[in-house]
Each structure stands twice: as structure tokens, then as C-alpha cells.
Amino acid sequence: MQFTEEHEHFRESMRRLVDEEINPFVDEWEEAGIFPAHELFPKLGEVGAFGLEYDPEFGGGGADHSFTYVMAQELGRIKCAGVPMAIAVQASMATPALARFGSDELKKTYLEPTLRGEMVCSIAVSEPDAGSDVAGIRTRAVRDGDDWVINGRKMWITNGTQADWLCLLARTDDSQPGDYHGMSLIVVPTTTPGFSVGRKIEKMGNHSSDTAEIVLDDVRVPISNTVGEAGRGFQQQMAQFQDERLVGAYIAAVGARKALDRTKDYLQQRIAFGKPLLANQYLQYKLAELYADVDTVEGFLQYAADKYLAGNDVTREATVAKLKTGRLTREVADACVQFHGGMGYAEEMWVARYFRDARLASIGGGADEVMLRVITMMEGMGKK
Ligand SMILES: Cc1cc2nc3c(=O)[nH]c(=O)nc-3n(C[C@H](O)[C@H](O)[C@H](O)COP(=O)(O)OP(=O)(O)OC[C@H]3O[C@@H](n4cnc5c(N)ncnc54)[C@H](O)[C@@H]3O)c2cc1C
């Protein structure tokens, strides 16, 4: 990837926004269990953080994937994982299918204001009884004249208590139940009668990000809210997952390096047995090994980003990136807690939050085992 002056200009605006509008408020938002998406997102919209790669005709940046990489690197500097995840949902998880396949009318009504940050959106795939097994979802949209009538429940929906609309995956054709055929992505405005937030879920980490269970009770939306062709939702969502997994990995890798840097500084200052803790070769080697792992993952991520940039299918790369970055993040977080001693276990330090937040990396957006399943199938070992 070649970075130009334009990239650096964009990086500077993102950095300023993170330093001035996000990081000073993270502790407050973590404490509150939510961040003000409707206040923050217009500021991100102003610097063009949403829809970097989308068509300028519908408010996108018309840029290439290298700008998304830069954006993710700056999001990785945020002092928690909840806020970057919420931003990434809007930028790269709930909107790619709409930008690629949505009608002009849908894009004008929902995508444009979302890219300006005036609307907040969510991706609604997971359900109480189906997360890893996306083909097992039960939410149904039944055609009634020119409308879909939607019934079901969605679980773990990021931005779910604040969203103006959901990109919702529903079963629209029951002729092949349990199969990946017959699903559609549908734009569901949250003001529609029958939509409700069942509950806000209390979580181990990512406290500043609101996560909701959503109830859909005879929610009626026009058929024209279908993203692209009805019946193609599963495939569209699988493609959308590639953006989600890559961007999540870019953000997490930056966070891992930053955590190692901060731990190194702490060990340099902390004196035990008459010398800085960092003088212990065991600690030096352990950190060196983890830096080497972060280097390796970053190299792979750049390779994946380049491949994406060249227009290739990156299912394999996004899967490996998600798996390896998630596992490394957890390992780094565990070492950081260990090397901070008691302070690593104290709420007043950044480490405890990082440890809790890092745990999600191997679960959200597809668990490690689901990534292994994809690789298994690609290697011709498992049944499709
Ligand atoms: C904080 C948070 C935010 C989230 N945000 C969103 C969101 O915005 N939108 C959304 O749609 N979803 C969201 N999710 C849901 C997330 O994607 C799912 O939790 C994840 O895909 C796992 O699904 P599940 O929780 O139903 O676990 P299950 O499917 O019940 O799986 C449980 C565990 O079983 C194992 N497992 C599963 N399948 C296999 C297999 N085939 N082989 C071996 N082991 C297996 C894995 O270890 C897995 O973790 C979020 C989750 C969290 C925790």
C-alpha cells in the first residue's frame, strides 16, 4: 500500500478527532454504558470517515481501501474497543451491502444521511437461537401486498438502542428452511410500529457500546426496502462480513501494539529487586515475541488490504486476519495484565479494560471456531 499526502491529510483529521472528540470522553462513556452516537457521528461524517469507498453520488468518499486502512489505524488509537466497534459498524459492517446492492432510492434515504452521521445504523444478523449458524436464523419477513411483515428477535445488536435503521437479515422464503437460500437483507427504520428494544445487554467489556436485543412484532416495511435482490441476503451478508472482519482486525492490531508500548513503558518505570522490571530478560523476550507476532499479523493485514485493493476475493484473508488478530489480541492482553501485577487487575488502569474488551475479538463477527470452519472447508476438509 502506498500512502500519499492525501492519506496523511486524512490521517491527521482522524487523529485530531480521536484526540479531541473521543479519547477525552471515553472514561465517561464507559462508565455510562453508552456513548452519544448522534452527537459524535456527525463529526465523523464531516471528516468523511463513513463510506470512504462508496459512490460519491450517494455521499461516499470515492476513495479506495487504503483509506479504510488508515481510518482503522486511527480508530485503533481509541482508549477502548466499544467506540471504534460502534463506528466500524456504521462505516464497514451495516452499510457495505446497501452501498453495493441497494436501490438509488434506498441509498438516498438511508445511506446518504448515515454517511453524514445524521443517522445511526446497526447490522442485525444474530438471534437468541442463531449466531454462528447464520443459516439458522428464524426472523421471518412475509410478503403482504407491497410490504414485508417482519416477526422475530435479534440479539447482540451493536448501536441497537440508538439506531435509526437496521440492516436486517430475515428469512423471506420458507421453501428451504434452515438453508442459506431464501434470505434477504432489509432496511428497517426503528420508528416503524412493532419495533422495540427488548433490553440493553450488560456485558463483560465494550461498555461504552450499547448492545441490544431487538423485538420485531408485525413490523411492516415496504418491499422496496429490500437491499438488492430478495433471496440473496445470505450471500450479501457473507460478503459484508469480509469488510467487517478485515476492518476489525486492522483496528485490533493497532490496539495490540499500543498495549505492548504502554506495558513496556510501565515496566521501565516500575522498580523491583533494585532495577526496572524491564531489565528482566524474561520480560524483554516475552514482549519481543509479542512484538514479532504483531509485526507478522500487521504484515498479513497489509497483504490482505492490498489484495482487497486489487479487487480480489479476500474471504480467506479476512478469515485468517480475524482468527489470528483475535487470538493475538487476547494473548497480548493477558501478558499486559500479568506484567502490571496487581495494577493490571485494578479498574483504575487501562489494562483491565483492554483485557475485558480484547476477549470479544475471538467471538464477535464470527467466533474463532467459525473462522476455522471456513478455512477447513477451503482446504477441502469439511462438508460445506
Ligand atoms: C458485544 C457483542 C457485539 C455484537 N454485535 C453484533 C451486531 O452488531 N450484529 C450482529 O448481528 N451480531 C452481533 N454480535 C453477535 C456475534 O456475532 C455472535 O455472538 C457470534 O457470531 C457468536 O454467535 P453466538 O453468540 O450465537 O454463539 P453460538 O453460535 O451459540 O456459539 C457458541 C460457541 O460455540 C462454538 N462454535 C460455534 N459453532 C461452532 C462450530 N461449527 N464448530 C465448533 N465450535 C463452534 C464457538 O466457540 C462459539 O463461540 C455481537 C456479539 C457481542 C458479544
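The values are calculated or read from the model by the stated rules, or taken from the named source; none is laboratory data. Computed from a predicted model, the values in this text were never measured in an experiment. Cβ coordinates were reconstructed from backbone atoms using ideal geometry, including for glycine residues, and neighbour counts include every protein chain displayed. Quick note on the areas: whole protein, heavy atoms, side chains included, nothing else; ligands and nucleic acids left out. Shrake-Rupley method; radii C 1.70, N 1.55, O 1.52, S 1.80 Å.
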Rough spin-label spacing in nm, given labels placed 7 Å along Cα→Cβ, for I223 and E31: 5.3
Accessible surface, the stretch 122-231, averaged per residue in Å² (probe 1.4 Å): 41
Protection proxy ranking of 345-355, 249-259 - average other beta-carbon atoms within 10 Å, highest first: 249-259, 345-355
Percent accessible area from carbon and sulfur atoms, the stretch 5-120, protein chains only, probe 1.4 Å: 47
Prolate/oblate/rounded label for the stretch 122-231 (Cα gyration tensor, a/c 1.5): oblate
Tensor-based shape of the stretch 9-158 (alpha-carbon gyration tensor, a/c under 1.5 rounded, otherwise prolate or oblate): oblate
Within straight-line cross-link reach of K203, aspartates and glutamates at Cα separation under 13 Å, skipping those fewer than 8 residues along the same chain: E30, E31, E213, D357
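Helix-only estimate, please: 222 nm mean residue ellipticity of the chain, summing -39500 (n - 2.57) across DSSP H runs of length 4 or more and dividing by its residues, to the nearest 500.
Using -39500 (n - 2.57) per qualifying helix, the result is -14000 deg cm²/dmol.
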Gyration tensor (alpha-carbon) shape descriptor, the chain, a/c threshold 1.5: prolate
Carbon and sulfur %, accessible surface of the stretch 122-231 computed with the full protein complex present, 1.4 Å: 47
Neighbour cut-off at most 16 other Cβ (10 Å), DSSP loop, GluC sites (Glu not before Pro), the stretch 186-252: E202, E229
Most to least packed among 102-108, 136-142, 39-45 [average Cβ atoms within 10 Å]: 136-142, 39-45, 102-108
Per residue, in Å², the accessible surface of the stretch 5-120 once ligands and nucleic acids are set aside, probe 1.4 Å: 40
GNM result for the chain, Cα springs below 10 Å: residue of T161, T315, T109 fluctuating most strongly: T109
Residue with peak Gaussian network fluctuation, the chain [Cα springs, cutoff 10 Å], from M343, M85, M14: M343
Heavy-atom accessible area per residue - the stretch 235-378, 1.4 Å, Å²: 47
Largest-first principal axis extents, alpha carbons of the stretch 235-378, Å: 59, 27, 23
